[in-house]
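Have a look at the structure below before the remarks.
The values are calculated or read from the model by the stated rules, or taken from the named source; none is laboratory data. As the structure is a prediction and not an experimental result, all values here were calculated from the model. Glycine gets a Cβ as well: all are built from the backbone with ideal geometry, and neighbour counts include every protein chain shown. Protein only, heavy atoms only, side chains kept; ligands, DNA and RNA dropped before computing areas. Shrake-Rupley method; radii C 1.70, N 1.55, O 1.52, S 1.80 Å.
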Amino acid sequence: RRRVIAGLLRGVATPPDATRRREKDRLFATGCTSMPDKSLTTRIRNRLRRDSKRLYWRTAPSDAQRRTILFIVGSQRSGTTMLLDMFEKDWRSRTFSEFSSITEDIPDGIRLKPLDDVCRIFASSGEPFIVCKPLVESQRTRDLLEYFPRSRALWTYRDYHDVVSSNVKFFRSRSVKSCRIVVDGEPGHWQSEVVPERALELIRRHYHAGMSPHDAAALMWYARNCLYFEQDLDMLPSVRLWKYDDFVRSPTTNAYQIYAWLKMAPPGRRTMNFVNPRSVGLGQGVTLDAEIEGACRELMDRLDTKADARSAAI
């Protein structure tokens, strides 16, 4: 009991404002654009739930051969933290965020450890449902699915206007630097690791140091989501598209569809009672370069068409 209490105190002792600033700085430095926004009370409640689950499944571990592994991949600023929180509330799950025991043990480490090491960490978990969101490894989605048996992937995306608005609000001109990384082909950086040719050409045509942060954020949205088709993920039944806008408008229905696709019984409705649709449409006033607007619109229409077809098939 003393060890559990001490662990809880270590996890929540930092003042929430300081924690939020530190996490934002860390994400900014790594080029990742997902950021948690949790109060002290929420963090305490989450830690209690997480530790309770861990203790239960440690004493009654599940059959590792029947364990389901889900990767949350796709585009940043698309509700992936909310999605991970939903799965965290499932008593059967163990979740891994972008900074966790499966990522590199280096300052600002956000890349996955070698897959053999990740596999060992998964194997040591007693939970029957593993969920992680290695967004910066989205270009390796096929590799992840081939390496881990019984694994699936949710490719997340969101209306690009809202993504651009959110990105610029929290990270200002960070996407301009991301475009430079892509144009320069910076070695070892996740943003330049795999860039579809059509996305690379578009970024090269529009990048300059003084470019609009909104155009830059839209270009990065385009580059990341092009990877869904570049990897032929639309041909794999183990990959499902997940659109933030649709989910927040009807969270219970969409969550049940996800669990049906996973072939798992859905948890109670309380796991979806934190979803708020007010963030949909906040980017309606965003103005983009005409060519960038056209490219993003065409890609989103293509994603929407594929998502609608997959949903109808369930």
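Things to note:
- The set of residues in the stretch 42-83 being within 14 Å of ILE130 (Cα to Cα), among the hydrophobic types (A, V, I, L, M, F, W, C) and either in contact with an Asp or Glu (Cβ under 6 Å, 6 or more places away or on another chain) or assigned to a helix (DSSP H, G or I) (or both) consists of TRP57, ALA64, LEU83.
- Evaluation of GLU186 against (1) open to solvent by 30 Å² or more (accessible area, probe 1.4 Å); (2) touching a residue at least 60 places away in the same chain (Cβ under 8 Å); (3) more than 16 Å from the chain's Cα centre (by Cα) (one fails), failing number: (2)
- Boolean, SER173 is at pLDDT 95 or above and not β-branched (Val, Ile, Thr): no
- Residue match in the stretch 263-271 (condition: of a type in the set (Lys, Arg) and not in a loop (DSSP other than H, G, I, E, B)): yes
- Scanning the stretch 218-255 for residues that are in contact with a Gly (Cβ under 9 Å, 6 or more places away or on another chain) and outside any strand (DSSP E or B) returns ARG224, ASN225, LEU227, TYR228, TYR244, ASP245, PHE247, VAL248.
- Taking the numbered list (1) within 19 Å of the chain's Cα centre (by Cα); (2) at pLDDT 90 or above; (3) closer than 19 Å to ASN167 by Cβ in turn, VAL286 passes all entries but (1).
- Residue satisfying condition, being within 30 Å of ARG66 (Cβ to Cβ), among the charged types (D, E, K, R) and crowded, with 16+ Cβ neighbours inside 10 Å, within set ASP245, ASP304, ASP234: ASP234
- Considering (1) more than 28 Å from ALA216 (Cβ to Cβ); (2) charged (D, E, K, R); (3) more than 16 Å from the chain's Cα centre (by Cα), the lone condition that GLU104 does not fulfil carries the number (1).
- Number of the condition not met by GLY11 [criteria: (1) in contact with a strand residue (DSSP E or B) (Cβ under 6 Å, 6 or more places away or on another chain); (2) at pLDDT below 75]: (1)
- Residue within the stretch 212-219 that is modelled with pLDDT of 95 or more, open to solvent by 50 Å² or more (accessible area, probe 1.4 Å) and on the phi < 0 side of the Ramachandran plot present: yes
This table checks each residue for (1) open to solvent by 10 Å² or more (accessible area, probe 1.4 Å); (2) not in a loop (DSSP other than H, G, I, E, B).
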| position | (1), (2) |
| --- | --- |
| ASP85 | yes, yes |
| ASP90 | no, no |
| THR95 | yes, yes |
| SER100 | yes, no |
| ASP117 | yes, yes |
| SER125 | no, no |
| THR141 | no, yes |
| GLU146 | yes, yes |
| ALA153 | no, yes |
